[in-house]
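Read through the structure below, which is laid out as structure tokens, and then see the notes.
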Amino acid sequence: MTTIVNGEFLKAIGYKEGKAIGLILAAIGASDWKLSYNELIPLLLKVLFEPEHYLKHEFLGVVAQALIDAQADETIALNDIGIDYQVFGAEHIEKGAIEQMEIAARLPVSVGAALMPDAHQGYGLPIGGVLATRNAIIPYGVGVDIGCRMALSVYDIPYQHFEQNTSFYKRELIAHTKFGAGNEWKGKDRADHKVLYDAGFESTKLLKSLKEKAAGQLGTSGGGNHFVEFGRIEFAQDDAHLNIKKGSYLALLTHSGSRGFGATIADYYTKVAKKLCKLPREAQNLAYLDLNSEEGMEYWLAMNLAGDYASACHQVIHERITKAIGGNLLAKLRITIILHGRKFGMGKR
């Protein structure tokens, strides 16, 4: 096989100094292995990024094994003993969630943790669990739906009016948001909101590429367990804080997050974290980014922008439906769920 492939070239495409480079050069020199240059380079890149899939390759199996061995040497060890953490309602928490928190508690950056009564198994960190880390952030810990939250609007409309006119309310709800993964608004139906003019969209190549997706999905609800629903809210007595009199009122409740915009950010930076932070197999989904690193700060900025975007989505939905049904807004409350369901806050706005 005749081609210009040497150690310097292999390092240029991502291979590190070490045993794997020598094994590749030896394989290339094998007289009975014939590949063109255009066939060889993509194959070498695949072996580099997914060595576990090439362990049985006739010539590059030894290269794949050498890469896996080198990765093992770079693995960040978990602490032998995890930090202490609180468990609330242990009798209600499934075994898988406990096991995940035990692993998370052993991360070298973990400094505090807790499990809530509704905790259940998630992607690395249990949903309903809290993990505090020292100067590090875990993209998969924040979750794939960055800034997931709920919002509640209370109207001066008696609930009886809703019961007597359900078709009207259903029609207006469906007309002023969109459900289902990937759905978006087109043309003049798109919402305009200050979040779309945030300078963060110009801060990285990834965020620039996502602005169009964000603009199209602003004010949509998505799929899964996300919803927009009318319901009754009962005030058993006058609420001085909200300035609402005793009675039954119509309310609108929404649950959704940062849509495809946030999901793409989560996927991208989870892969970055896994590449930079080599953890044992059982902890790989807890890969973290140092907040002093370029990648960590990029993710921090993107994460916060996704949270602002999620809030804007709720604002657009509530404003559109409020205008459509013609009621006066008595109170609007935000319910914030971030860090994969591990921070909960509610307040009037």
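The values are calculated or read from the model by the stated rules, or taken from the named source; none is laboratory data. None of the values given here were measured: they were computed from a predicted structure. For neighbour counting, all protein chains shown are included, and Cβ atoms are generated from backbone atoms with ideal geometry for every residue, glycine included.
Does the range 106-121 include one or more residues that are under 25 Å from Ser311 (Cβ atoms), out of contact with any Phe, Trp or Tyr (no Cβ under 8 Å at 6 or more places or on another chain) and modelled with pLDDT under 90?
No, that holds for no residue.
Going by what's in this entry, would Tyr159 be described as crowded, with 21+ Cβ neighbours inside 10 Å, farther than 25 Å from Leu286 by Cα, in contact with a Phe, Trp or Tyr (Cβ under 7 Å, 6 or more places away or on another chain) and among the aromatic types (Phe, Trp, Tyr)?
no
Give the residues of the range 304-337 that are without any contact (Cβ under 8 Å) to a residue 40 or more places away in the chain and assigned to a helix (DSSP H, G or I), sorted by residue number.
If the condition is that a residue be without any contact (Cβ under 8 Å) to a residue 40 or more places away in the chain and assigned to a helix (DSSP H, G or I), then Glu319, Lys323 are the ones that fit.
Please give the number of the condition Met297 fails out of (1) touching a helix residue (DSSP H, G or I) at 6+ places or on another chain (Cβ under 9 Å); (2) within 15 Å of Val142 (Cα to Cα); (3) at pLDDT 95 or above; (4) surrounded by 15 or more Cβ atoms within 10 Å (Cβ to Cβ).
It is condition (1) that Met297 fails.
Can you find even one residue in the range 70-89 that is at pLDDT 85 or above, charged (D, E, K, R) and within 30 Å of Gly128 (Cα to Cα)?
Scanning the range 70-89, I find at least one residue that is at pLDDT 85 or above, charged (D, E, K, R) and within 30 Å of Gly128 (Cα to Cα), so the answer is yes.
If Glu99 passes every condition in (1) free of Cβ contacts under 8 Å to residues at least 24 places away in the same chain; (2) in contact with a helix residue (DSSP H, G or I) (Cβ under 6 Å, 6 or more places away or on another chain); (3) not polar (S, T, N, Q) but one, which one does it miss?
(2)
If I go through the range 270-326 residue by residue, how many of them are in contact with a Ser or Thr (Cβ under 7 Å, 6 or more places away or on another chain) and of a type in the set (Phe, Trp, Tyr)?
2
Under the condition of being exposed (fewer than 13 other Cβ atoms within 10 Å of the Cβ) and assigned to a helix (DSSP H, G or I), which residue from the range 26-45 is modelled with the highest pLDDT?
Among them, the one singled out is Pro42.
Filter the range 243-273 down to the residues that are in a loop (DSSP other than H, G, I, E, B) and in contact with a Phe, Trp or Tyr (Cβ under 8 Å, 6 or more places away or on another chain) and list them by number.
Once the filter is applied, which keeps residues that are in a loop (DSSP other than H, G, I, E, B) and in contact with a Phe, Trp or Tyr (Cβ under 8 Å, 6 or more places away or on another chain), the range 243-273 yields Lys245, Lys246, Ser258.
Can you tell me which residue in the range 218-269 is surrounded by the most Cβ atoms within 10 Å (Cβ to Cβ), limited to those that are among the hydroxyl-bearing types (Ser, Thr, Tyr) and within 30 Å of Trp300 (Cβ to Cβ)?
Going through the qualifying residues, I end up with Ser258.
Do any helices (runs of 4 or more DSSP H) entirely within the range 125-225 hold 1 or more residues that are in the same structural domain as Tyr268 (by TED's automatic domain parsing) and among the hydrophobic types (A, V, I, L, M, F, W, C), and if so, which?
159-164, 166-175, 205-217
Looking at (1) farther than 30 Å from Ala113 by Cα; (2) charged (D, E, K, R); (3) in contact (Cβ under 8 Å) with a residue 12 or more places away in the chain, which one does Asp192 not meet, given that it meets all the others?
(3)
In the set Phe179, Phe230, Phe201, which member is more than 15 Å from Tyr309 (Cα to Cα) and in contact with a Leu (Cβ under 7 Å, 6 or more places away or on another chain)?
Phe230
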